[in-house]
1. Pick from 53, 48, 34: which is part of a helix (DSSP H, G or I) and of a type in the set (Gly, Ala, Ser)?
2. Search the stretch 103-121 for residues being in contact with a helix residue (DSSP H, G or I) (Cβ under 8 Å, 6 or more places away or on another chain) and in a helix (DSSP H, G or I), and hand back the single one that is farthest from residue 79 (Cα to Cα).
3. Take residue 147 and decide whether it is modelled with pLDDT under 95, of a type in the set (Gly, Ala, Ser), under 30 Å from residue 68 (Cα atoms) and touching a Leu at 6+ places or on another chain (Cβ under 7 Å).
4. Can you list residue pairs whose Cβ atoms sit under 7 Å apart, with the first residue in the stretch 117-143 being over 22 Å from residue 68 (Cα atoms) and the second being of a type in the set (Asp, Glu) and not in a loop (DSSP other than H, G, I, E, B)? Count only pairs 6 or more apart in sequence or on different chains.
5. Let me confirm something: among 167, 200, which residue is closer than 23 Å to residue 145 by Cβ and touching a Phe, Trp or Tyr at 6+ places or on another chain (Cβ under 7 Å)?
6. Out of everything in the stretch 1-19 that is in contact with a helix residue (DSSP H, G or I) (Cβ under 9 Å, 6 or more places away or on another chain) and either of a type in the set (S, T, N, Q) or part of a helix (DSSP H, G or I) (or both), what residue ends up being surrounded by the fewest Cβ atoms within 10 Å (Cβ to Cβ)?
7. What number of residues within the stretch 206-218 satisfy the criterion of being touching a residue at least 12 places away in the same chain (Cβ under 8 Å) and surrounded by fewer than 20 Cβ atoms within 10 Å (Cβ to Cβ)?
8. Does any residue of the stretch 116-134 turn out to be of a type in the set (Gly, Ala, Ser), surrounded by fewer than 14 Cβ atoms within 10 Å (Cβ to Cβ) and modelled with pLDDT of 95 or more?
Amino acid sequence: MAEDGKRTLLKLSGEALAGEERFGIDASILEFVATQIKAAHDLGHQIAIVVGAGNILRGSAVSGNGSMDRVTGDYAGMLATIINSLALQDAIEKTGVGVCLQSALKVEGIAGPFVCRQAVEEMERGHVVIFAGGTGNPYFTTDTAAALRAVQIGADVLLMAKNKVDGVYEANPREEPSARRFVTLSYMEALTRRLAVMDGAALALCMANSLPIMVFDLMAPNGITRVLQGEKLGTYVGDVDTVMASAQPAASSS
C-alpha cells in the first residue's frame, strides 16, 4: 500500500458522479469526492486522477447500439471525460487545493497537453493532477488510460474507485447476491477468470509493471484516505496468492 508522501493514481467511475440520477453530474457527489481527495492530499500524498465518462457517454455503448461507429463513439467518450475533469477540477480547487489539468486531446484554453515530466513536477509542488481525454486514441478505455498514466508517472498504487461496488467478486454481486468478495487477488487469477477489476489491457499493463491495484467503493466514508492508510477496505490486486474473503456476502455490501 501507498504510505504518506507516496504517489497515487486515482481512477474515478464516471457513473458515480451522477449519483442517483444515472446521468450528468450530481453536485453533492462531486463535493463529496473533492473533499475526500483533499483529505488524502492533506496527508501528504501526491495524487493524480483519471475520471471515466459513463455518466455522460460511453463510446463502446453508443458504437455497440449502432448510433455511432466505434472510432467516433470513442472520441465522443474522450470529450465527455474532459467535461467530468473540468467539473472535478473546479470542485477540488474550491477546497483550496491547486489542480493541474492535462488532456490527451488538444483543447487549448481549457487544459494543457499531457507532459509526463510536468505532471510529476506539479505533484511534487503539491498540486493534484487530472488526466483528461483518455489515452487520446480510440479502442482504449479510461481504465487503460489510468494504468498507462500510473506507470508513466511512477505511481506506487492505482486506486480503482467503483460505483457502489466494494471490491472484486467471484461473480456479479448485483445478479448473484451470494457471490463472495476477494480480499486479495493475483493479476493472473484476475486475468484468467476475467474478473471485473478493469479491462484486460489495463490489467496486463499493471501486471507487466508490478503496479498494485486497490478496488473499493468510492462512496465509502473516507474511503480514499482509509485505503491509502492501509485499511483493507476493498480488494487488493497484485503479486500475491489469491485469498477468498470468508465474511460478508455481496448482498450486504454498500
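1. On the way: 53 fails: part of a helix (DSSP H, G or I); 48 fails: part of a helix (DSSP H, G or I).
Testing whether each residue is part of a helix (DSSP H, G or I) and of a type in the set (Gly, Ala, Ser) leaves just 34.
2. Out of the qualifying residues, it is 120.
3. Numbers: modelled with pLDDT under 95: no; of a type in the set (Gly, Ala, Ser): yes; under 30 Å from residue 68 (Cα atoms): yes; touching a Leu at 6+ places or on another chain (Cβ under 7 Å): yes.
Answer is no for this residue.
4. 129/122
5. Numbers: 200 fails: touching a Phe, Trp or Tyr at 6+ places or on another chain (Cβ under 7 Å).
Exactly one of 167, 200 is closer than 23 Å to residue 145 by Cβ and touching a Phe, Trp or Tyr at 6+ places or on another chain (Cβ under 7 Å), namely 167.
6. Going residue by residue through the stretch 1-19, those that are in contact with a helix residue (DSSP H, G or I) (Cβ under 9 Å, 6 or more places away or on another chain) are 1-4, 6-12, 14, 16-19.
Still in the running and either of a type in the set (S, T, N, Q) or part of a helix (DSSP H, G or I) (or both): 8, 14, 16-17, 19.
Working: 8: 25, 14: 22, 16: 24, 17: 28, 19: 19.
Top of the filtered list is 19.
7. Residues of the stretch 206-218 that are touching a residue at least 12 places away in the same chain (Cβ under 8 Å), as a first pass: 206-207, 209-218.
With surrounded by fewer than 20 Cβ atoms within 10 Å (Cβ to Cβ) added as a condition, the list becomes 207, 209-210, 212.
Adding up the residues that qualify gives 4.
8. From the stretch 116-134, those of a type in the set (Gly, Ala, Ser) are 119, 126, 132-134; that's our starting set.
Narrowing the set further to residues that are surrounded by fewer than 14 Cβ atoms within 10 Å (Cβ to Cβ) leaves 126.
Next, only the ones that are modelled with pLDDT of 95 or more stay: 126.
Checking the stretch 116-134: at least one residue is of a type in the set (Gly, Ala, Ser), surrounded by fewer than 14 Cβ atoms within 10 Å (Cβ to Cβ) and modelled with pLDDT of 95 or more.
The values are calculated or read from the model by the stated rules, or taken from the named source; none is laboratory data. None of the values given here were measured: they were computed from a predicted structure. Glycine also receives a Cβ, built like all others from the backbone with ideal geometry; neighbour counts cover every protein chain displayed.
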